[in-house]
Amino acid sequence: MDIKVTEAAKVKLYDMGVSEDTFLRIGVKSGGCSGNTYDAVLDDKITDVDEIYYTDDKLRVVSDKVSSVFLDGLSIDFSNDLIEPGFRLTNSNAKGSCGCGSSFSTGDPAPNVDVSFTV
């Protein structure tokens, strides 16, 4: 599994509370103009359907096994620009995205499971 997290994203995630007990959970659900959307939150509970797909020091990226097929090639960045600050999740394997960049397609069917999370 090839997931990249930039230094800017790591700094912001640590500022937000990532620790030995708290990790970044990324899910993929059906939706958006292109078929799939990422959903990311900080979490502290790993379930039976979860796997850890990235580790670096205290930073862990966790996802359910259904969403994991969409995570290979994922790059997580953070931008503090004035126009649209925030995290950028981009996937080198995406074959398309909508105009606003909030959804993507890989050519694979969207997961048939609701993997949304709330904070």
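The values are calculated or read from the model by the stated rules, or taken from the named source; none is laboratory data. Remember, predicted model here, so these are calculated numbers, not experimental data. When we count neighbours, we look across all protein chains shown, and the Cβ atoms used for this are built from the backbone with ideal geometry, even at glycine.
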Scanning the range 69-99 for residues that are assigned to a loop (DSSP other than H, G, I, E, B) and either modelled with pLDDT of 90 or more or of a type in the set (S, T, N, Q) (or both), the one surrounded by the fewest Cβ atoms within 10 Å (Cβ to Cβ) turns out to be Asn80
Matching residues in the range 12-62 (polar (S, T, N, Q), more than 18 Å from Phe78 (Cβ to Cβ) and either at pLDDT 95 or above or not in a strand (DSSP E or B) (or both)) number 3
Listed by first then second residue, the pairs whose first member lies in the range 60-79 and is of a type in the set (Asp, Glu), whose partner is surrounded by fewer than 20 Cβ atoms within 10 Å (Cβ to Cβ) and in a loop (DSSP other than H, G, I, E, B), with beta carbons under 7 Å and at least 6 positions apart or on separate chains, are Asp64/Val49; Asp64/Val115; Asp72/Met1; Asp72/Asp2; Asp72/Asn93; Asp77/Thr6
When restricted to Val119, Val66, Val115, the only residue modelled with pLDDT of 65 or more, more than 17 Å from Thr6 (Cβ to Cβ) and not polar (S, T, N, Q) is Val66
Of the residues in the range 48-63, those that are under 15 Å from Glu7 (Cβ atoms) and loosely packed, with under 14 Cβ neighbours inside 10 Å come to Asp56, Asp57
